[in-house]
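Below is one structure, written out as structure tokens; comments come after it.
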Amino acid sequence: MFSLIIISIERFLATVFYKNYEQCPKWLGVWFGFAEILIPCVCLAIGTAYYDFSERFSYCSVVSSSNFDAVMQITYVFLASEFFALLLFHFSLFINWRRMKRRALMDPTGRYQITENFKTIATITPMIWCHFLIMIGSFAFFFAYFSFNPTFDPRIYPILEESSNQIYWHGVILPLIFFLVLR
């Protein structure tokens, strides 16, 4: 999930510094890798810090009554960060599209970087839209359910999670999107 944000930042930097992106410092990739590892670990630490391990579940649950608010806040962060990644990708795509018009006036390195940025971002953007729409559907389901029933009942949680967590559709819908868009 957070790798999409890191990729969007990396592609944005490649868009901004397209003339000398190939000579960028090697530590930049290390920082991106470190961020991809650190951010999920921080979210996991926050979720487990408030988790009530004495509570019994008939299901392998990541949410308990004590960490429900923290998990909902992390979900808000997920949604906002994915929306940020979408905005950054579309902004980068727009910049690259405008530069593609003036491609003939560029040096070969700049021309190559602009073309590769445009192709990469155009390929990744449908994947992020697909993931975002599925995630927002699951999020809307949880939000609607807990708006009408604000108390946390651990017995109903497994049914809620399995019926609302539709992220596995990403693996079915995304190849269809690529087939329809890129054929």
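The values are calculated or read from the model by the stated rules, or taken from the named source; none is laboratory data. Computed from a predicted structure; not experimentally measured. Quick reminder, even Gly has a Cβ in these numbers, built from the backbone with ideal geometry, and neighbours come from all protein chains shown.
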Can you tell me which of K101, K119 is exposed (fewer than 15 other Cβ atoms within 10 Å of the Cβ) and farther than 22 Å from S3 by Cβ? K101
What are the residues in region 17-37 that are touching a residue at least 40 places away in the same chain (Cβ under 8 Å) and assigned to a helix (DSSP H, G or I), if any? Y21, E22
Here the qualifying pairs (Cβ atoms under 7 Å; residues six or more apart or on different chains; first in region 105-134 and free of Cβ contacts under 8 Å to residues at least 24 places away in the same chain and more than 16 Å from L176 (Cα to Cα); second part of a helix (DSSP H, G or I) and charged (D, E, K, R)) come out as R111/R103
Filter region 37-69 down to the residues that are hydrophobic (A, V, I, L, M, F, W, C), under 19 Å from F2 (Cα atoms) and at pLDDT 70 or above and list them by number. I37, L38, I39, C41, V42, C43, L44, A45, I46
Scan region 90-143 for residues that are of a type in the set (G, A, S) and out of contact with any helix residue (DSSP H, G or I) (no Cβ under 6 Å at 6 or more places or on another chain) and jot them down. A104, G110, A122, G137, A140
Starting from residues that are of a type in the set (A, V, I, L, M, F, W, C) and over 26 Å from the mean Cα position of the chain (by Cα), keep the ones in region 86-118 and report whichever is modelled with the lowest pLDDT. A104
What's the total number of residues in region 88-122 that are under 12 Å from R11 (Cα atoms) and not basic (K, R)? 16
L182 being modelled with pLDDT under 75, farther than 25 Å from R11 by Cα, of a type outside the set (V, I, T) and touching a helix residue (DSSP H, G or I) at 6+ places or on another chain (Cβ under 9 Å): no
